[in-house]
Each structure stands twice: as structure tokens, then as C-alpha cells.
1. Can you pull out every residue in segment C:18-59 that is outside any helix (DSSP H, G or I) and closer than 17 Å to C:TRP192 by Cα?
2. Find all pairs meeting these conditions: Cβ atoms under 6 angstrom apart; at least six residues apart or on different chains; first residue within segment B:256-279 and over 22 Å from B:TYR217 (Cα atoms); second residue modelled with pLDDT of 95 or more and surrounded by fewer than 17 Cβ atoms within 10 Å (Cβ to Cβ).
3. Just for segment B:126-147: of the residues that are in a helix (DSSP H, G or I) and in contact (Cβ under 8 Å) with a residue 40 or more places away in the chain, which one is surrounded by the most Cβ atoms within 10 Å (Cβ to Cβ)?
4. Which of the residues belonging to segment A:8-27 are surrounded by fewer than 19 Cβ atoms within 10 Å (Cβ to Cβ), out of contact with any His (no Cβ under 9 Å at 6 or more places or on another chain) and not hydrophobic (A, V, I, L, M, F, W, C)?
5. Working only within segment B:223-242, note down all residues that are closer than 18 Å to B:GLU51 by Cβ and in a loop (DSSP other than H, G, I, E, B).
6. Of the residues that make up segment C:271-286, is at least one under 30 Å from B:PRO73 (Cβ atoms) and away from chain D (no Cβ under 14 Å)?
7. Can you tell me which residues in segment B:101-112 are crowded, with 24+ Cβ neighbours inside 10 Å, under 17 Å from C:LEU300 (Cβ atoms) and within 10 Å of another protein chain (Cβ to nearest Cβ)?
8. Within segment C:1-41, track down each residue that is more than 22 Å from the chain's Cα centre (by Cα) and closer than 19 Å to D:GLU299 by Cβ.
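The values are calculated or read from the model by the stated rules, or taken from the named source; none is laboratory data. These numbers were taken from a predicted model, which means no experiment stands behind them. Note: ideal-geometry Cβ built from the backbone for every residue, glycine included; neighbour counts use all protein chains shown.
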4 protein chains.
Amino acid sequence: MIKNPVPWPNGARCAVVFTWDMDSDSILHLAHPNDADTRLSTNSMLRYGPEIGVPRIIDTCRDFGMKHTFFVPGWCAEQFPKAVEQMVEAGHEVALHGYLHEYPNELTQEEERFWTHKGTEAIAKISGTRPRGYRSPWYKYSKHSTDVLLDEGFLWDTSLMGDDVPYLVESKKRASGQSLVELPSRWQLDDWPQFVHNHDLDFMMPIASPQYAMDVYMAEFYAMWEHGGVWVNCFHPFCTGQVARMMMLREMMSKMQAKGDVWFATGEEVALHVQKVIAAGTYKPRVDRVPFYEGRLPELEPGYAMKSR
Amino acid sequence: MIKNPVPWPNGARCAVVFTWDMDSDSILHLAHPNDADTRLSTNSMLRYGPEIGVPRIIDTCRDFGMKHTFFVPGWCAEQFPKAVEQMVEAGHEVALHGYLHEYPNELTQEEERFWTHKGTEAIAKISGTRPRGYRSPWYKYSKHSTDVLLDEGFLWDTSLMGDDVPYLVESKKRASGQSLVELPSRWQLDDWPQFVHNHDLDFMMPIASPQYAMDVYMAEFYAMWEHGGVWVNCFHPFCTGQVARMMMLREMMSKMQAKGDVWFATGEEVALHVQKVIAAGTYKPRVDRVPFYEGRLPELEPGYAMKSR
Amino acid sequence: MIKNPVPWPNGARCAVVFTWDMDSDSILHLAHPNDADTRLSTNSMLRYGPEIGVPRIIDTCRDFGMKHTFFVPGWCAEQFPKAVEQMVEAGHEVALHGYLHEYPNELTQEEERFWTHKGTEAIAKISGTRPRGYRSPWYKYSKHSTDVLLDEGFLWDTSLMGDDVPYLVESKKRASGQSLVELPSRWQLDDWPQFVHNHDLDFMMPIASPQYAMDVYMAEFYAMWEHGGVWVNCFHPFCTGQVARMMMLREMMSKMQAKGDVWFATGEEVALHVQKVIAAGTYKPRVDRVPFYEGRLPELEPGYAMKSR
Amino acid sequence: MIKNPVPWPNGARCAVVFTWDMDSDSILHLAHPNDADTRLSTNSMLRYGPEIGVPRIIDTCRDFGMKHTFFVPGWCAEQFPKAVEQMVEAGHEVALHGYLHEYPNELTQEEERFWTHKGTEAIAKISGTRPRGYRSPWYKYSKHSTDVLLDEGFLWDTSLMGDDVPYLVESKKRASGQSLVELPSRWQLDDWPQFVHNHDLDFMMPIASPQYAMDVYMAEFYAMWEHGGVWVNCFHPFCTGQVARMMMLREMMSKMQAKGDVWFATGEEVALHVQKVIAAGTYKPRVDRVPFYEGRLPELEPGYAMKSR
């Protein structure tokens, strides 16, 4: 299935990176800048993430002896420093998720640079370490993101979806060799399409049972285990951090541990390992030089069909 | 899982509060003020709630020896007084759900005060008791709601979603100590995302089987039972009050009773209990002073990024 | 559960009325009047209904010894007279579903009268019998529909959703006694929310497995069987008429027959029975005088809150 | 069930045609012509199709000894020639899917002719063979498509949905006898409604488990096997080409092979067989002369109801 499986440490058959996006209520302010302050139900639903979800996730990780990766918008870190401190104390990775969950693809390069830097500084100040991993808010990685992230000293990203195994992302504006390690995401490993239903967030969906969602997530796990890929989920403390879903998560973690030969690691650990096996010549990853395109396709210019005839 | 489980009466492991929103056709008038009168199918579908659903639910409660909580918009009480009288006669709690299901977050404070008062008076007149519990229409609790509710003498609310256990909500405009007891809701305990499909109500969704929906609801029950939280659902007489779903509900109630060590109570009973254990010092709840924010975030001002550089 | 179960013939525990809406491509013309002619895929998908689905359904009915009710827009009967002739030859009921599937709630009374009459004439001409049963296109029964239908000589309707058992619908403009027999529909017995996914029809939904959909439909059947109601589905020949779903339908029919004590009947047969047991005094139905409202609610007038204070 | 089952080769009970639409990122450019270049996550998600999905699908076909049919927009072939070359080398059919995935129903006849020709040339140049099969982008087959396709020398199409077995499509502008062989598609055999969730593509859906989706697809297979039809799916390399879903696909293929008496073939092979059995007089297919309509229906003219009275 996978042409170039990674040589994982200790002969593990796959790598599992649990990641959490601690958006808290940044996304509500973004969706309703003028009246987020009067939508208290969604507000409280989202604040559940850092206040209730994060400590619970950290306890769970301790029970299972795992380290996870938390993506935190800078503003959320400032609003909920205690949640970030708990992550750090327990040895988890704190990575970047924008400043206010702003969408990079809607920004100029200067604006993206501003917010990425501001977010990085906020995380660094509270966690004590500059973040080295990144996921774009809503996966909206822009054509400028690679340069912005490399300039800020980032090591790895998990906003793209181009493979089953880690690969390298380079900027077309730079010489080859400067790259981000990409740990690809997949929508089917996100908890929004399974569990979120909320009008303020314009996301009106059926709500799946924990059992059904677990079937979706575990199908991906068994696939990666069988064929040597990387499993990177994207859960949210306000959502999967709720009790019934955490019981599902514990069941997932148990099943994964029981399966054996799995490397549970943070994103940074995986990225560093990937760099190492590349350097050692035992792994030859794909390299994507981006952006893939520049500007509007000529075929989509008005009148193209008529003029080309 | 839950850091501060409530000491429930008689050593119960969790509290279960069955609640129903008897919206009847108020929501159709709200959605289509000018032509709700000519949408008879949805009209009849919604009137099924007070006319068929409510008596059936009350019979079911009698069979199981349970008291439930009914949230009723004032206008609906006026339109369907018999349904409310049946609730009162059978000893259920009648609580407030706005007057015409209007959304508080779209109102000025004066308007919210007007409608809340009007709804309260309507309920009091028909039920004989001023309502002490509240759920905002469509969970749209506003930044003014806390003050409005405290001024009207309310004891408890279930519009917010900030925890797994009851907590206190205070107004930032008031001194600490005046508070509502919050019994948090969760979208996964609502019957709309599972069962409702209706074009007039702009809610076009797949319709789940009763068995599937029950799996969603019971996962939450087992979670609360295992870990000591409160289970507050939000069902609707027009929807779950239908026969096939009531058979599912009976199965749920049987399973819950068979599980044992469950405190089935109305919202008011739980709120009073929470006040008691707080006073006794045996429960220390979270306190949310709200609103969480006032106005637009400075970071979301136009040009903020440019000006801040 | 059901307060006033109908005394069904021969001691049957419930009545089952299989109904089909043979819309064919009328709905595509309605949705895209200007360019329906160039959307051939959806066009062919919908024409499958009368061309492939209807004969197959009729064969299936013969195998099971059942009579079904087909709702046909007049225009569809004119376009596909053979399908209607097959229904008539096999002894099924042909009932009315508008002329071009136009929505009555968007029409003036005169327009509704025009289209209802035109549809009735079209059906009568092709089927040889004036239709006596009616379902509004998209259940959009208007405030004028009762008068229009009574004037056209209709006996029964299945557009409303106000009960689990048949009831009577009267017009507020007429003296009591002139009524339609209502055999209530339910969205969960429709095949669109389970199976349809189509962009031209602006209905983008997940597609359920036949097994899952059957669980939804059979839950309703077991409920009606247990408690004495009427099961009226709303399937579509273009949709459930497809092979895999017809295999599901056969399984449903088998299970229903095996359950025993079920009265399988057309809508007209049920309506006549209901009239008979009412006349005999052995069934006392609810009577809804409609429309329920006339015009905009005073509470929804602009400024009502301010003026009423 | 099926009135005129096809005499399949070697007494097979049904034909199974696996087809893949290799859209890659053409659909993103079409949806966002001005800023597709800065939506890198979706871009990478879609490029996964030709880069990772296609080789994997080809390997899988080799393992099972099957030939599949790949629909490729001309532009995608130009962007990813290697993927097309791999298809050709392995003996699969390369068929046409527009040039840039443009929607024929939104084009004039001249424009459709231009893009269809351009796409055909692109495929022919890279694959070495003029494509003879066609699926309209998003099934948006226009009223001009038949003429355009016949003029370009196409043999068969699978954009329409009018039957369970192959049939013939003729143009009303031409004498009878010139026809396309139609191998009908069905939405329930598409992988988008089961698996795709993506905001950039304006397709916000729940994501099904592989097991659930397989139930949907296999129900169609068992139906066709039992009753002699043709099973033509529409999967996408970026979507079902992912590992977990390919494991599902392998399970499907195994089950189909184990069932026995199945003719696995490319679309072209089936179309040629259909022509042969028609010529031999052993199969008499339906013939659809299209378009079904020309222009707006008179009944939908403004004021029709009033003028016709």
C-alpha cells in the first residue's frame, strides 16, 4: 500500500501522534466579531476545552504513559495560561495554531507574518519554549505559510494532506534543503465532522455516537499499523474532551497499546526522527515544493475558450 | 474524569434530569412571521407536541415513577393551557423557555426583560407557580440573561455548556453571591440533530434510527454514571414524543433504572440540592462570572495587525 | 401510548398504507425552470421513477398481494400515462399530488384552485377515476387547501403530521361536518432524508444503507403495530424503486406480513373505514379546524415589545 | 426486478465496472479560480489522488487481476502524465472527464465542444489512444453533450442514471442509430457522499466509516448480482485511494470475486459487449432520445395559471 514506509524506531509498525487543537472561544470571536460576547452558550461550550478538557486529557495521558501534542492559538494561551502550563509540566508538546485562529489564506504575507510571530511569542512566553510545530487554523495553510514558518524557525507542520507518511515541504522562493517536515492530517481523523453541531459556528451536522466515531478513527489506525504510515488525529478539548468521548478515547488508546509495535510520540519527536532517518539515508521522502500554483490558471481567464479556438 | 463530583443524595452515582422543550409552533411563527399561517404541515407537526406528546410523556413518567422538567414558552402555555395543567397535576416542573421562543442574544436588555417577564407571568398564571428554571430558546443565552433572570427571581438555568457537573453563574454587574445554579446542557443530548428534518424550519438533516440515537444518549448516561456528573437532556414533545421514539425512551428509562444508584430528579430539585451541598461545604462548584467578554476584541479591530507592528 | 386506537378491520393491530409519490422530473423543472432541459443526469434519474420504478413496484405488490397508493402530479400522468395505466390495471389507488408539483403555500387561493383542478382532471382522464386522495407537493399544505380539496370532492389527505391515528380536518370557513380524513405522514417515513443526494435538487445529504433506512422505517412499524396507529410512508419510485432498495422493501413487506394482524390497505380504503367507524360511533377522532392561524401574530409586529410595556 | 437483464459473457450474473474520477485539484481551481493557489491543504489533499492514490489502485488491480476505468480531465492528464502512463501500462482504460472539470450544462454548445475536444486531445496525446468513454464532470451532462460526444467519436457514457442495465442514448438532432452506450451511474455508488468533508469544496458532510460505506456499495452489488444489472461505481483516487479505504476496497473486491459469476470489465468492454448482443438480437435495450425537453415548460411561464383559466 505505502511505497516508502518509514523505518520507525524499535521496529514499530506505525507512529501515532495524538494532537489537540485548543481553540477555546477564539473561533467564536472570529465568526461573530461584533457579538461573540452575547453568545454565552457557545462561549461556555468552547471554554470547556481549556478549563475542563485539557486537565482531563493530561490525566489520561499520564494513565497511559503517553505524550501528546497541543496546538494552541497564542491568544488562547494568554487567556488560559494555566492550561498551557499544565501541558508543559506534564511534558507534552505545545505547538502553534495561529494567534486568534485567523485564516492564513485570507491574509497578506505581512499580516500572516505578524500573526504567526505574535502567536509564537505568546506561546513561547507562557510555555517557556518556542513552538516548533504548527497546524494552520482550519487547515487554511496559505501560499506564504512555508516561508513564514521557516523564517520563524519552525520544524514541522501538520496542515497538509498529501501523503500517508511524513514528507518535506519546501518553498519555491528558497533553495532546496530548507524544509518543514510534514506530518499529514486527514479529515477523517478530525472530531468536528463526527461530533460538532452548533449554529453559532455555522456547523449544523448530525452527531455521531462515540462508538461510530471510534470505528472511523480506528479504521485509520489499523490501516497505518498494517502498512507503516503515520496516524495524526485532530481532536478538540471542548469536544472529545467531554466525558463520554474520553471514555471512547481511553478505549482507543487501550486497543492501540494492546495491538503492540506502535510508536506513540509527539509531533516533534516524529519530525526529528524523520530528519534523522533522512540524514541516515534510510528514508527517502517525497518533497513538495510549494505553492503548487501562482495565480489564476490561464484556462480560467474569461473568454479563454473563445480566444483559443 | 470529573474533578469535583457532586455528593448526590443517598449515594447516587449521578443525577438524571429529563427535560422537554414544549415549543409547539412558536418556532414556525418566528421563522416565518408573515406566512406561518399557511404552512399547515409543519404547524400540525409541531402542535403534535402539546396535544399528543405531552400527555403521553406524562403517562410514561407515571409508569416509571419519575418527575420531569418541561420548558414552556409563555405563548405556548397560553395556546395550550391544558398541556401545562397536565404537567402541574402530575407534579412535574414547569420552567421557562422565553415567550415566543425569541432569541435573547438578538434583543436589547430592555426587550429581553420584557419578553422574559411576559413569559414568566404567562407560565405563573397557568401553572400557578412562578417558574424558577430557565433554558434560553435555542440556547441563545445573552450577556444580559443573568441579570434579567436574577431580577425575575430565577434559581437555575440549563442553557450553558461549560461543565459536566452543576456550577454557578454570576453577573459581573453584581456582587458575588447572587447566582444561578447552572445545570449544563450538551448538544449530543438534544433530539434535533438526531431526528428533525424539516424545510420550513431550515433544518435539513438525515434522520437517525431510534436505536442509533439511543446509543448517543446512553453513552452520555454511562459516562455520567461512571464519573458522577449530571445528565440533562433536551427533548421535544413533537419529536421524541412520537410513538417509536417513546418506545426508545421507555427502553432508556428502564436501562437507567436497572443500572441503579441514579438520582432521577427535576431541575429544580437538583438546583436546590446543589445549593444545599454548597452551603454545607461538601461541594465546591466552579463559578463563572459573566459575560466573559464585553464588546469586540481589540485584535479584531480593522487594521489592528498593521497598527500594532 | 395512543389514547384512541382505531378499531381496525378483523381485529388488526394497525393499518399499513404504502404510498409512492411519482414526481418524475416535475421537481427538476420547478427547481430550474430555465435550464432543467440541460440537466440530463438528474432528468434521467427522475424519469427512472415512472419508467423503471413503477412497473417494478407493481410487480412486487402482485407478489405480496398488496394494493398501494400512488400520488401523481397531473403533468407526470400526462407525460407517463403508461405508468398510471399500469397502476390502474393492477388495482392500485391513483391519488393527486398537484399538477407540476407546485407548492400550494406559495400560491393564491385562485392559483391553488386552478392547479388542483387541472391536476385532478389530468389524473381522472388517464386513470378513469377522479382521485379522492391527496398529498401536497413537499407537504406544503396551505391555508386554502382544505377548501380547495373539499370543493374538488376529495375524501382524504396525507400532508399533515398531527397525530398517530387518522383524524378529521375541517375548514374554519365552513360549518362543521364537511371534512377530509387525514392519514398523517411523518418525515421519518420518507425516503428522501435517507437516500437522496443531488445537487440539481439542492439536497446534499449522506446516503444511508438500505439496512439502516429499514431500521428507521421498521421502528415506526413496530410502534404502530404495538399501539394501534397507522403507518403511512412516502417513498418515491425513482429512489426506493431502485433494485437494492426494492430488495429492502421486499424484506420489509415480508417482516410485516410475518408479524401478522396487519391491515394492508390503500389510503382510500383506510379513509372509508375511518368514516364508517366514526359513523358507527366506535371511533371518535380528533377534529382539527384549520387554518390554525390567520395572518401575522400580533406579538411579532415590529415594536410590539416597546408598545406593550 | 430487472425486465431485460443483459446476457453477460460466460453466463455471468452481472457486470462490475470499477471507475475512478482522477479530478486532482482541477475542482479546486474551478471552485476558487482567484485564490486556489493559496489553499494548499485542499490542494495537497487532491493531488494525493494522482500521486499516491493512482499507483496504489493500479497495484491493487494487479493483485486482483482486474482492469478498471479511469476518467481523467485533460488538464489533469497534462499535470500528472505519469499517473496516466501508469494506467496505460497496466492495461486500464483511460476515459474522458472534461478538460478542467468544467460543467457542460453551464456552457454553450460551442464552449462544450471546445473543452471536450481539448480534453480528448490531451488524453490521446498522453495515453496514446483517443478516449472512447466519458463521464461528465459532476454528472452535469448537457443537452448538447450527446452531439458533442458523437462528433468526437465516443462510444459510451456513464453520466446518466436512467436504468439498472446499459441502454442507448441518441440525439434528437440525428437520425436513429447513432448512439452512445450508456452505463448508468448512481449516487449511492459515489464516494463523495460517504467520505468527503471539505470547506474549500463547499461540501460539509459527516464522514462515514469504511465499513458503513461498504454496506452501501455492497447492497448495490448484491442487487445487481441477484437481478442481472450493471454495477458502475464512481470513486476518486484522492478519497477512496487512501489506505483505510483501499483496505475496504480490497475486502469488497474479494467478496465480489468469492461470490462468483461476476464479469469484471472496463466500461469500454461492457459497451462493446452491449453493442454485440444488440447486434446479435439477444439484447433489446431501452433507447433514450435526448434532450428530453427543449426550453422552459409552458406551464412555468409567468401568469400561465391566470391566462389558462
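1. Scanning segment C:18-59 gives C:PHE18, C:THR19, C:TRP20, C:ASP21, C:MET22, C:ASP23, C:SER24, C:ASP25.
2. The qualifying pairs are B:VAL277/B:PRO7.
3. From segment B:126-147, those in a helix (DSSP H, G or I) are B:126-127, B:137-139, B:145-147; that's our starting set.
From the residues that got through so far, the ones that are in contact (Cβ under 8 Å) with a residue 40 or more places away in the chain too are B:126-127, B:137, B:139, B:145-146.
Details: B:ILE126: 21, B:SER127: 21, B:PRO137: 25, B:TYR139: 26, B:SER145: 30, B:THR146: 27.
By that ranking, first place goes to B:SER145.
4. Within segment A:8-27, the subset surrounded by fewer than 19 Cβ atoms within 10 Å (Cβ to Cβ) is A:9-13.
Of the ones still in play, those that are also out of contact with any His (no Cβ under 9 Å at 6 or more places or on another chain) are A:10-12.
If the condition is that a residue be surrounded by fewer than 19 Cβ atoms within 10 Å (Cβ to Cβ), out of contact with any His (no Cβ under 9 Å at 6 or more places or on another chain) and not hydrophobic (A, V, I, L, M, F, W, C), then A:ASN10, A:GLY11 are the ones that fit.
5. Those that are closer than 18 Å to B:GLU51 by Cβ and in a loop (DSSP other than H, G, I, E, B): B:HIS236, B:PRO237, B:PHE238, B:CYS239, B:THR240, B:GLY241, B:GLN242.
6. yes
7. Selection gives B:GLU102, B:PRO104, B:GLU112.
8. Those that are more than 22 Å from the chain's Cα centre (by Cα) and closer than 19 Å to D:GLU299 by Cβ: C:HIS32, C:PRO33, C:ASN34, C:ASP35, C:ALA36, C:ASP37, C:THR38, C:ARG39.
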